[in-house]
1. Straight distance only, please: which aspartates and glutamates reach the Cα of LYS65 with their own Cα at less than 15 Å, same-chain residues fewer than 8 apart left out?
2. Residue by residue through region 117-123, what is 3J(HN,Hα) from phi via Karplus (6.51 cos²θ - 1.76 cosθ + 1.60, θ = phi - 60°)? Round to whole Hz and write x for glycine and proline.
3. Given +1 on the Cβ of Lys and Arg, -1 on the Cβ of Asp and Glu, and no further charges, what dipole in debye does the chain carry about its Cα centre, rounded to the nearest 20?
4. Rounded, prolate or oblate: which one fits region 54-120, using the alpha carbon gyration tensor with axes a ≥ b ≥ c (rounded when a/c is under 1.5, else prolate when a/b beats b/c, else oblate)?
5. Tell me, what is the per residue accessible area of region 1-86 in Å², probe radius 1.4 Å?
6. With +1 on each Lys and Arg Cβ and -1 on each Asp and Glu Cβ, how big is the dipole of region 1-70 about its Cα centre, in debye rounded to the nearest 20?
7. Which whole-number value in Å³ per residue fits the convex hull of the alpha carbons of the chain?
Amino acid sequence: QVQLVESGGGLVQAGGSLRLSCAASGRTFSSYAMAWFRQAPGKEREFVAAISWSASRIYYADSVKGRFTISRDNAKNTMYLQMNSLKPEDTAVYYCAFSRNKMGITPGEYDYWGQGTQVTVSS
């Protein structure tokens, strides 16, 4: 089992920044990919960004490219999402996800999920 805990969400004005963190614990041995997804009220969970174990591969959704930066510190088993130039449409619950085998952009490709952290961007 792997446990994931997100932190760093909050309320910010449009144009502001937030940094999310996701700490992994439990059976995290061996390489694994991680990702951020988000879900706004009444909408499906959507892909935000993903990063491979070595960070040699990084994917972003078009909607966040150039504004968000995903990174990870394997020594700390922690992943980050730096979010700049935030927009009201970025408002959602942000979830981190863990995959032992795949680095994809669909929720079904991930094995473990955090509880989520709320990000609210006011206009």
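1. GLU46, GLU89, ASP90
2. 9, 7, 10, 10, 10, 8, 8
3. Dipole of the chain, to the nearest 20 debye: 240 debye.
4. Prolate is the answer for region 54-120, as a/c is 1.5 or above and a/b outweighs b/c.
5. Counting only protein heavy atoms, the per-residue value for region 1-86 is 51 Å².
6. Roughly 80 debye, rounded to the nearest 20.
7. That works out to 92 Å³ per residue.
The values are calculated or read from the model by the stated rules, or taken from the named source; none is laboratory data. Since the model is a prediction, treat every value here as computed from it, not as a measurement. Neighbour counts run over all protein chains shown; Cβ positions are idealised from the backbone, glycine included. With ligands, DNA and RNA removed, areas are computed over all heavy atoms of the protein, side chains included. Shrake-Rupley method; radii C 1.70, N 1.55, O 1.52, S 1.80 Å.
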